[in-house]
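One structure is given here, and the rest of the page talks about it.
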């Protein structure tokens, strides 16, 4: 079942159709939102808000206007994530170790967990320093469900611009990570 | 022709967006150490990003979303309103029916009383005559 069919069903009041959309997009949404390094616990709230707002405004969503449901959903998610970042810009936030432990595969060694978590922390710290709009373009490019044209729609820029933003975002991230690994190997 | 000047930007962007490379671009990478280095660097970066991007969804997340939607969604509200309207309509219909039956009952009762007294009156009149 494609998104168009499910959206139409949901627009007609079929909540099970919307549930299928939730199940389809929950993983990419979490992946995208986690990249913003939002304060602990806020990722789930924002993911839930995103889907709730999407449902509330489903009547105004029109596939005929060109934007796919995925594009529309990620525009909402990006907007909410950036709002949250504005609010919590100076708040210190970290991923708690126990939270990270929960996400690991079964029984990795303590050292493996530590190394993985340190690397994850390093990447997220570097990502936080990548300026907008390069960061969101870069994060969106990691979502397999989104095509470049859709990322361009979310970012409200041309395809060429989104390509160069991803390129620049990766350059900036690579520079930041190199510095981080040099400073603390 | 200087391959670095003519192709590097294009090739590096293609690497960054993970676009499939054309034969010319692949050939360029083979002879351009800048692009080769960047390709290695971006591949490593993509791996790091892939490992670091947490896409785990908390247990029961979809259920919580749907519960929130069901609780206060306009759709549900509209359905609730319709149900309330129907119940009210049925209630009012039943009240009307009750009133009609009651009215009919009273009318029949009054009719019986009138007929009873009329019967008495006619009987007494007949006896007097």
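Overview of values
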quantity: Residue B:7 vs. criteria in a helix (DSSP H, G or I) and in contact with a helix residue (DSSP H, G or I) (Cβ under 7 Å, 6 or more places away or on another chain); calculated: yes
quantity: Flag if residue A:68 is surrounded by fewer than 21 Cβ atoms within 10 Å (Cβ to Cβ), over 15 Å from the mean Cα position of the chain (by Cα) and closer than 27 Å to residue A:130 by Cβ; calculated: yes
quantity: Residues of the stretch A:35-49 classified as under 11 Å from the mean Cα position of the chain (by Cα) and part of a helix (DSSP H, G or I), total; calculated: 3
quantity: Test for residue A:146: is it in contact (Cβ under 8 Å) with a residue 40 or more places away in the chain, more than 11 Å from every other protein chain (Cβ to nearest Cβ), buried (at least 17 other Cβ atoms within 10 Å of the Cβ) and more than 18 Å from residue A:171 (Cα to Cα); calculated: yes
quantity: Meets criteria (more than 14 Å from chain A (Cβ to nearest Cβ), modelled with pLDDT of 90 or more, surrounded by 10 or more Cβ atoms within 10 Å (Cβ to Cβ) and over 30 Å from residue B:11 (Cβ atoms)) for residue B:110; calculated: yes
quantity: Selection status of residue B:19, in contact with a helix residue (DSSP H, G or I) (Cβ under 9 Å, 6 or more places away or on another chain) and at the interface with chain A (Cβ under 8 Å from one of its Cβ atoms); calculated: no
quantity: Extreme residue, farthest from residue A:41 (Cα to Cα), among residues of the stretch B:20-67 that are part of a helix (DSSP H, G or I) and touching a residue at least 24 places away in the same chain (Cβ under 8 Å); calculated: B:31
quantity: Whichever residue in the stretch B:52-67 is over 11 Å from residue A:34 (Cβ atoms) and facing chain A (nearest Cβ under 7 Å) and, among such residues, is surrounded by the most Cβ atoms within 10 Å (Cβ to Cβ); calculated: B:65
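The values are calculated or read from the model by the stated rules, or taken from the named source; none is laboratory data. For clarity, every value in this text was computed on a predicted model and none was experimentally measured. Note: ideal-geometry Cβ built from the backbone for every residue, glycine included; neighbour counts use all protein chains shown.
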